[in-house]
Amino acid sequence: LVSTCFVELSQAEAKVLLKESGALFIRYASGPCEKETEWWYVICDKYEPHRISKKTRENINRGIRICSIKCIEAEWLAENGYGCYLEAFSRYKNATPDSEEVFRRKILSMTGRPFEYWAVFVKDNLAGFCQCIVESSDVYTSVSKYNPDYLKHRSAYALITNLINHYVIEHNMRIISGSRSI
């Protein structure tokens, strides 16, 4: 289980954790700060549709018209999500998907809070899904997989827009979709 809580580690604490875990390296993130650093987060804390390009708005609207989005249970995803997961890997180079059993076991090990799962459908077909980790006022989109056969229907636009509407607009939370090192 990977924790997405922001942590502060001293160099000594990091060395102890590294030695005890037997891992080759430790990767963790400290909380966002106001000062500029070489590490930055991709955060959505407000939604201003008027600032989005016309083409992107068209893609969002097309996705919303064609797709449906549902909050789903981990058990449902474990039983029904492997095909979508496997198809997503067809777009990746040098990546190997987990076996169906490992996929199911991982999903089922992350049931209930703080995990929430969202799915995007084209008709009755699972077009993609996202695992969200909800922590107080932050939501971390830790896993997103899209079946490439449905990307033409703007399934990713529909799912992301739904997440923004749900978490940012309705619940006044921030969505953190990753971090980057510059």
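The values are calculated or read from the model by the stated rules, or taken from the named source; none is laboratory data. Computed from a predicted model, the values in this text were never measured in an experiment. Note that we place each Cβ from the backbone using ideal geometry, even for glycine, and neighbour counts take in every protein chain shown. Surface areas here come from the heavy atoms of the whole protein model, side chains and all, with no ligands, DNA or RNA. Shrake-Rupley method; radii C 1.70, N 1.55, O 1.52, S 1.80 Å.
Quick notes on this structure:
- Given (1) at pLDDT 90 or above; (2) under 30 Å from residue 104 (Cα atoms); (3) of a type in the set (D, E, K, R), number of the condition residue 55 does not satisfy: (2)
- When segment 114-149 is limited to residues that are in contact (Cβ under 8 Å) with a residue 12 or more places away in the chain, out of contact with any strand residue (DSSP E or B) (no Cβ under 7 Å at 6 or more places or on another chain) and farther than 20 Å from residue 41 by Cβ, the one that is least open to solvent (accessible area, probe 1.4 Å) turns out to be 148.
- Hits in segment 159-180 - residues which are farther than 26 Å from residue 104 by Cβ, of a type in the set (A, V, I, L, M) and outside any strand (DSSP E or B): 164, 168, 169, 173
- Among the residues of segment 75-101, the ones that are at pLDDT 95 or above, among the hydrophobic types (A, V, I, L, M, F, W, C) and open to solvent by 40 Å² or more (accessible area, probe 1.4 Å) come to 2 in all.
- Residue match in segment 53-67 (condition: touching a strand residue (DSSP E or B) at 6+ places or on another chain (Cβ under 7 Å), open to solvent by less than 60 Å² (accessible area, probe 1.4 Å) and in contact (Cβ under 8 Å) with a residue 60 or more places away in the chain): yes
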